[in-house]
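What follows is one structure encoded as structure tokens, with my remarks underneath.
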Amino acid sequence: MLTQRIALVIQYLGTHFHGWQRQPNQRTVQEEIEIVLAGVLNQPTRVIAAGRTDTGVHAAAQVAHFEASSPIPPERWAGVLNSRLPNDILIRASAAVDSQWHARFSAVSRRYRYILYTDKQPNLFVRPFSWHYYYAPLNESLIQEALNPLVGHHHLAAFHRAGSQRQHSWVEVQEAKCDRQGPFVQIEVQANGFLYGMMRLLVGLLVEVGTSERDPSSFKDLWVNERRSEVKYAAPAQGLCLLRVAYPESPFPPDIWWDTMPEFVLSPSVMKLPS
């Protein structure tokens with residue numbers, strides 16, 4: 001039987017996962033999917049993802065691929081897997097791809113979104129997807145000013161956590177933006193690839209800029225001069241989501257992968273409260 005390479009667009013809630021990559025004695029997204037595939041195909045099957053999200057990090061449109069010799073049509077794999085996967089993983093679509101297509105190496109960009117919730121009152125319905133940061137006001141304009149110089153090809157060792165197998169810290173940042181919707185401050189960064197722990201370390205430092213504890217020029221000076229010792233705090237994992245992965249020719253239509261994480265729009269300042 002002909003072996004096919006099957007691509008998947010995957011969503012998962014990272015709360016109860018120890019990241020994407022298989023690890024001994026830990027629950028991971030890769031392992032959950034591979035267990036189901038092994039049961040369907042009656043043999044161990046490896047799933048390769050576009051990127052390895054960390055413990056607690058979510059994904060709105062992770063992309064992965066696997067090899068299968070099966071009569072199951074490529075577009076049917078999403079339904080087959082969803083009927084067997086746990087509720088915190090969802091396959092949005094599946095498709096056949098060329099044998100040379102690779103979820104990781106064929107990708108040209110990854111985009112992450114980090115959400116901060118700044119209202120003083122906690123909210124259970126946003127807590128799994130945001131960092132409740134109410135300690136001081138955040139100025140999104142200052143954060144954007146700090147982000148602007150990041151766009152380009154830079155050595156970002158200041159935002160590279162120890163333990164990575166990557167041999168260098170060069171990153172091509174394609175876009176970096178910060179905006180606010182009511183109490184929600186969103187930071188999005190798109191790059192050709194991300195360093196281990198990069199986004200959470202970046203946001204942890206950007207909060208210092210947003211509270212005026214550090215000015216934007218000091219932020220730039222820190223990463224330009226690779227002063228890693230000054231980057232001491234990583235933002236909590238639950239606020240981070242892998243928003244999408246892009247390819248020169250995606251095997252999926254845009255509505256499957258382009259922007260599938262709903263944005264929070266709650267704005268207490270315009271809500272009509274009872275008198």
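The values are calculated or read from the model by the stated rules, or taken from the named source; none is laboratory data. Nothing here was measured: the structure is a model prediction, and the numbers come from that model. As a convention, Cβ positions derive from the backbone with ideal geometry for all residues, glycine included, and neighbour counts pool all protein chains shown. Side chains included, ligands, DNA and RNA excluded: accessible areas come from the protein's heavy atoms. Shrake-Rupley method; radii C 1.70, N 1.55, O 1.52, S 1.80 Å.
Data table
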{"quantity": "Ranked packing of 223-230, 147-154, 189-196, most packed first, by mean Cβ within 10 Å", "calculated": "189-196, 147-154, 223-230"}
{"quantity": "Virtual spin-label span in nm between residue 225 and residue 2, 7 Å along Cα→Cβ", "calculated": "6.1 nm"}
{"quantity": "Ranked by how many other beta carbons lie within 10 Å on average, peptides 57-68, 75-86 from highest", "calculated": "57-68, 75-86"}
{"quantity": "Sites residue 134 and residue 96, calculated FRET efficiency, Cβ-Cβ separation with R0 45 Å, nearest 0.05", "calculated": "0.40"}
{"quantity": "Calculated [θ] (222 nm, deg cm²/dmol) that DSSP helices of n ≥ 4 give over the chain, each run adding -39,500 (n - 2.57)", "calculated": "-5500 deg cm²/dmol"}
{"quantity": "Linear extension gain, residue 218 paired with residue 82, 0.36 nm per residue minus alpha-carbon span", "calculated": "44.2 nm"}
{"quantity": "Label point distance in nm, residue 104-residue 141, each placed 7 Å from Cα along Cα→Cβ", "calculated": "4.3 nm"}
{"quantity": "Distance between the range 177-224 and the range 97-111 - C-alpha centres, whole angstrom", "calculated": "27 Å"}
{"quantity": "Probe 1.4 Å - accessible area at residue 170, Å² to nearest ten", "calculated": "110 Å²"}
{"quantity": "Area accessible to solvent at residue 16, 1.4 Å probe radius, in Å²", "calculated": "130 Å²"}
{"quantity": "Longest to shortest principal axis, alpha-carbon extents of the range 3-106, angstrom", "calculated": "34, 28, 23"}
{"quantity": "Size of charge dipole - the chain - debye, nearest 20, with Cβ of Lys, Arg +1 and Asp, Glu -1, no other charges", "calculated": "500 debye"}
{"quantity": "Gain on full stretching of the segment that runs from residue 15 to residue 125 - 0.36 nm per residue minus C-alpha separation", "calculated": "38.2 nm"}
{"quantity": "Qualifying aspartates and glutamates (Cα of each under 13 Å from Cα of residue 220; at least 8 residues distant if same chain)", "calculated": "145, 208, 230"}
{"quantity": "Rounded to the nearest 10 Å², the accessible area of residue 112 at probe 1.4 Å", "calculated": "30 Å²"}
